[in-house]
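S.K.: Quick one: structure below, then a few questions.
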Amino acid sequence: TGYVLDVFDYKGLTADNMVFYKDAQDATAHLNEIAIEAESLPGSCQMPLWDAMHAPFTRSMAYLKGAEVIIITAAAAPLDVDLASIQSTMELYDANAPIIDFIHIESVCQIEDWTLQLAPFYQFIQKTGGTMLRVEQDKISDVLTSFLPTRYAAQQLTVQDMDACQQSTMYIQVDSRMSEVYVMMGGSTVSISAIDPQGLSVACNTVYSSYEQKLCKIANPYPGIYEITVSSNSTFCYPSVYGYGGAQVFVGFIQDNATGDNPLPYAVYGKVNYPVFHVLDRPTDIYSPPPVETLYMAELMVSPSDKVYDMDLNRRADCSYEYIGMAFVCGQKDEKITIISSGFDDINQAFTRESVTWCKAG
C-alpha cells in the first residue's frame, strides 16, 4: 500500500520523477508544495487532460489494478481539440484499470465553463467507478483528508447524470452488512434529505462541507430501500451515492462463448458479449467466516439506443466470476451501458449495486 504522485504540466506532459510515498500525509504535503509552485506557471482553463491521463496509463497500467487514481487540476476542461485523445486513452482502460476520481480546484476556471468535453469526460470517470468533486484552492488537504477514507472498497449505489441537481430523488437498496452510505454533491447551496425503509427521516451527518462541495454520511443504515432527495444551485453538481461494507459486486464481460474466465471491464462491439459477475463480501471481523451473498438478476440499460436487457443470472462452476447473464450484442460503438445487479445477502435482505461501462470499438 502506498501513494504515487505523478505531476503533469500545462501541455499535458508528465514529469519523469514519479514519487512513491508510504504515508498519506507526506504525499499531501508534497502535493501542497506543487500546488503553490503551479500558481506561477503558465496554463489555461482548458488543458489536454486526456493526454495527461494517457501517459501514466501507458506507463503504469499493469500496476494500477485495484488502485485509486485521483486527478487534481484547476483546469476546467479538456481541450476541444483533445477529443482525438479520448479513444486512445480509453483503449488503455483494460482489466487492470483503476478507479479514477477527479478533483477540480475552483479558481479563475469555473466548472460551468466546461465545453462539449464535459459529458464524455464525466462518463469516463463514472465508468471507472469514480466521481467528481470541487474544492477551493486552500482546501485541498482538507478535502483529501475527508474524502480518501470514504473511497476504500466503495460501491456505487446509484448512477446519476451530472446535472441531476434540482430536487432529484434517488432510491438505493442497502444490505444488512453495509455500515456506511455516503452522499456527495457540488454547489454552494445544497440540501440532502433521506427517508429510511421504515419511512422515517434519517440524518446524513456532514463529513466535509465547503462553499463548493458537500459530503455526508448515513452511519449504520437500517437495511432496505432508502429515498434520498438532493438539490443544488449548481448547474453541474455530480450527485454521487456510494457505500462501504456488505456485498462488493464486480462486473465484467466475456466474448463469443460462455466458458471464458478472463473478463474485460467493457463489452466489445462486433462480438457476442456475456456479462459476468463476482460477489465479494468481507467478514465483519477476523474470526468470522465470509457471509454468503447471492446474485439472482441484472438489468442492462444501453444508450443512446435505449435498449434494456433484463436477465436472470446463472451460477458457473470453477470460475472467478461465478455468475453469468444472457448474451447480447452492442448496437453501436461507444454505447454507454448502465448495469443494475440485484441479489440477497445471507439473511435474505435484498440489495442492488449500480455501475457504468461502455461498448468498446473492436
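S.K.: Of the residues in the stretch 336-350, how many are under 26 Å from residue 306 (Cβ atoms) and of a type outside the set (D, E, K, R)?
M.R.: Number of matching residues: 7.
S.K.: Where in the stretch 17-113 are the helices (runs of 4 or more DSSP H), entirely inside, with at least 2 residues that are modelled with pLDDT under 70 and in contact with a strand residue (DSSP E or B) (Cβ under 7 Å, 6 or more places away or on another chain)?
M.R.: 49-60
S.K.: Regarding the stretch 346-362, can at least one residue be identified that is charged (D, E, K, R), modelled with pLDDT of 90 or more and surrounded by fewer than 19 Cβ atoms within 10 Å (Cβ to Cβ)?
M.R.: Checked against the condition, which is being charged (D, E, K, R), modelled with pLDDT of 90 or more and surrounded by fewer than 19 Cβ atoms within 10 Å (Cβ to Cβ), the stretch 346-362 yields no hits at all.
S.K.: Please go through the stretch 160-171 and pick out each residue that is without any contact (Cβ under 8 Å) to a residue 60 or more places away in the chain and either in a loop (DSSP other than H, G, I, E, B) or surrounded by 15 or more Cβ atoms within 10 Å (Cβ to Cβ) (or both).
M.R.: The one that is without any contact (Cβ under 8 Å) to a residue 60 or more places away in the chain and either in a loop (DSSP other than H, G, I, E, B) or surrounded by 15 or more Cβ atoms within 10 Å (Cβ to Cβ) (or both): 161.
S.K.: For residue 338, only one of the following conditions fails: (1) surrounded by 13 or more Cβ atoms within 10 Å (Cβ to Cβ); (2) closer than 29 Å to residue 162 by Cβ; (3) of a type outside the set (D, E, K, R); (4) at pLDDT below 85. What is its number?
M.R.: (4)
S.K.: A follow-up question, please. Within the stretch 145-159, take every residue that is open to solvent by 10 Å² or more (accessible area, probe 1.4 Å) and part of a helix (DSSP H, G or I) and give me the one that is nearest to residue 341 (Cα to Cα).
M.R.: Looking at the filtered set, the residue picked out is 151.
S.K.: Here is a further query. Kindly provide the set of residues from the stretch 129-144 that are within 21 Å of residue 352 (Cβ to Cβ) and open to solvent by 10 Å² or more (accessible area, probe 1.4 Å), ordered by number.
M.R.: 129
The values are calculated or read from the model by the stated rules, or taken from the named source; none is laboratory data. In this text, all values refer to a predicted model and were calculated from it rather than measured experimentally. Cβ: placed from backbone, ideal geometry, glycine included. Neighbour counts: every protein chain shown. Note: areas computed on protein heavy atoms with side chains; ligands, DNA, RNA excluded. Shrake-Rupley method; radii C 1.70, N 1.55, O 1.52, S 1.80 Å.
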